[in-house]
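First comes the structure, then the notes that go with it.
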Amino acid sequence: MGKQEDFVLRALEERDVRFVRLWFTDVLGFLKSVAVAPAELEGAFAEGIGFDGSAIEGLARVYESDMLLKPDPSTFQILPWRGEGPTTARMFCDIAMPDGSPSYADPRFVLKRTLATAADKGFTFYTHPEIEFYLFKNVPEAGAEPVPVDRSGFFDHTAQSKGSDFRREAITMLESMGISVEFSHHEGGPGQQEIDLRYADALSTADNIMTFRTVIREVALSQGIWATFMPKPFTTHPGSGMHTHVSLFEGDQNAFYEAGSEYQLSKVGRQFIAGILAHAQEISVITNQWVNSYKRMMFGGEAPSYVCWGHNNRSAMIRVPMYKPLKGQSTRIELRTVDAACNPYLAYAVTLAAGMKGIDQGLDLPREAEDDVWSLTDRERRSLGIEPLPKSLYEAIEIAEGSELLAETLGEHVFDFFLRNKRAEWDEYRGQVSAFERDRMLPVV
């Protein structure tokens, strides 16, 4: 047994841990949890904990349902919201088959496999998400519009603000779990908040996002309010995204940085952007996986709707932030499509895979979008070679079904299940009679 496993077993005694929650995600990115007694952990490290994979969305078929959870000791943390006295801890798990081999249906494995492919070429992938969400006064009732906790706006500092009190408690809890927060502030919509996590390798960031979403909901419930990462909860207010800053490192050197080049952006950085742009339409189904995601993309204020990049251009899908003199290591790109309700393991896997294709194929970076892309006409955008992103989940599915990149990155099992699930979601959605239809037609038809 290794040092990390020994550390966990000692911590169980020293911290009076009575329950250990083993966390993992299904293919859609929903957090799953099973609690085990501390006495079971030594065996779990050695052999894994058996469970019925067919009961979890997308993991296994009924006739091959036996699977194992293998805890990752490096992710051990005490859950701070469980109160005083005997404590509860958590660890993320990798999912394995009965013979110990990795499960191809495990989203965490999909990301680890993609990171390993990049590592074989000398690259480490770092990400830094800006996570937006809304706070409501209570759990929204079916059919009713939710009530935000405040009426503040972007960067507002308001006395006795429910949002600032909430952010302070949430950040304290996150940092007690080893998750570093860089910024926090009120966002543009009423009750809308943003908390930015510090740069980390993509696997740690994906784990941190899953923890973040749980912490935010727990803190909200403890304060008698409700938190949601729904991409577009209001028709007339901004949607919630998860703009993600990304970069590749070769050892200690930022592979995106080249002194003296335009925007200090290296050839590798330009090819990485070109790869994401080339595959932008097909990866949308992963980075924006819900019917509601496209309400944000098409009608969401500053959400991107077109495949383009720009320097400090917030209407572009990819933004190259302003270079900081003497801080070459901070050179990065910002992907603005990703929303906060995605499966972060899959979203980061397909983003990295698309960028790496650009490097492998030596793709040229298209012309920069210097204008406000939203204000251009369709003809002007076409003349500039700017293609639209999918306008609906249906369009995203249609494009994704022919994607070699997605099939290769996700693996056959995840690729097939994910698209089948999304088709079912679209079919269910389009069969619903909406309030819009009733309000428009009942009075006159």
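The values are calculated or read from the model by the stated rules, or taken from the named source; none is laboratory data. Model, not experiment: these values are computed from the prediction. Ideal geometry is used to build each Cβ from the backbone, glycine not excepted, and the neighbour counts take in all protein chains shown.
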Could you pull out the residue among 341, 303, 349 that is surrounded by 21 or more Cβ atoms within 10 Å (Cβ to Cβ) and within 17 Å of residue 388 (Cβ to Cβ)?
-> 303
From 295, 357, grab the single residue that is within 27 Å of residue 258 (Cα to Cα) and either of a type outside the set (Phe, Trp, Tyr) or not in a loop (DSSP other than H, G, I, E, B) (or both).
-> 357
Quick check: is even one residue across region 297-315 touching a strand residue (DSSP E or B) at 6+ places or on another chain (Cβ under 8 Å), assigned by TED's automatic domain parsing to the domain that holds residue 131 and within 25 Å of residue 203 (Cα to Cα)?
-> no
Residue list for region 132-145, restricted to those being of a type in the set (D, E, K, R) and without any contact (Cβ under 8 Å) to a residue 24 or more places away in the chain | 141
Does region 427-443 contain any residue that is modelled with pLDDT of 90 or more, under 30 Å from residue 112 (Cβ atoms) and not polar (S, T, N, Q)?
-> no
Which residue out of 150, 120, 196, 201 is in contact (Cβ under 8 Å) with a residue 40 or more places away in the chain, of a type in the set (Asp, Glu), within 19 Å of residue 409 (Cβ to Cβ) and not assigned by TED's automatic domain parsing to the domain that holds residue 33?
-> 201
Which listed residue, of 323, 345, is out of contact with any strand residue (DSSP E or B) (no Cβ under 6 Å at 6 or more places or on another chain), of a type in the set (Phe, Trp, Tyr) and at pLDDT 95 or above | 345
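May I ask you to verify whether residue 64 is outside the structural domain of residue 341 (by TED's automatic domain parsing), loosely packed, with under 15 Cβ neighbours inside 10 Å and either more than 30 Å from residue 414 (Cα to Cα) or at pLDDT 95 or above (or both)?
In short, no.
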Residue 129 is checked against (1) touching a residue at least 12 places away in the same chain (Cβ under 8 Å); (2) surrounded by fewer than 23 Cβ atoms within 10 Å (Cβ to Cβ) and fails just one. What number does that condition carry?
-> (2)
Mind listing whichever residues of region 171-217 are part of a helix (DSSP H, G or I), touching a strand residue (DSSP E or B) at 6+ places or on another chain (Cβ under 7 Å) and of a type in the set (A, V, I, L, M, F, W, C)?
-> 171, 174, 202, 209, 210, 212, 216
In this structure, is residue 135 assigned by TED's automatic domain parsing to the domain that holds residue 272, in a strand (DSSP E or B), buried (at least 17 other Cβ atoms within 10 Å of the Cβ) and over 16 Å from the mean Cα position of the chain (by Cα)?
-> yes
Is there a residue in region 264-286 that is in contact with a Pro (Cβ under 7 Å, 6 or more places away or on another chain), over 18 Å from residue 387 (Cα atoms), part of a helix (DSSP H, G or I) and not β-branched (Val, Ile, Thr)?
-> no
Quick one: residue 396 ticks every box in (1) among the hydrophobic types (A, V, I, L, M, F, W, C); (2) in contact with a Ser or Thr (Cβ under 6 Å, 6 or more places away or on another chain); (3) outside any helix (DSSP H, G or I) bar one, so which box is it?
-> (3)
Considering every residue within region 360-376, establish whether at least one is at pLDDT below 95, assigned by TED's automatic domain parsing to the domain that holds residue 312, in a loop (DSSP other than H, G, I, E, B) and within 21 Å of residue 29 (Cα to Cα).
-> no
Go through (1) assigned to a loop (DSSP other than H, G, I, E, B); (2) in contact (Cβ under 8 Å) with a residue 12 or more places away in the chain; (3) within 19 Å of residue 290 (Cα to Cα); (4) of a type in the set (A, V, I, L, M, F, W, C) and name the single condition residue 433 misses.
-> (2)
Counting only residues that are among the polar types (S, T, N, Q) and either more than 27 Å from the chain's Cα centre (by Cα) or not assigned by TED's automatic domain parsing to the domain that holds residue 312 (or both), region 257-272 contains a total of 2
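Select from region 122-154 the residues that are of a type in the set (Val, Ile, Thr) and at pLDDT 95 or above and write down the one among them that is farthest from residue 242 (Cα to Cα).
Looking at residues that are of a type in the set (Val, Ile, Thr) and at pLDDT 95 or above, I get 124.
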Among the candidates 237, 157, single out the residue that is over 23 Å from residue 286 (Cα atoms), modelled with pLDDT under 95, touching a His at 6+ places or on another chain (Cβ under 9 Å) and not polar (S, T, N, Q).
-> 157
Here are 244, 236: which of them is without any contact (Cβ under 8 Å) to a residue 40 or more places away in the chain and not in a helix (DSSP H, G or I)?
-> 236
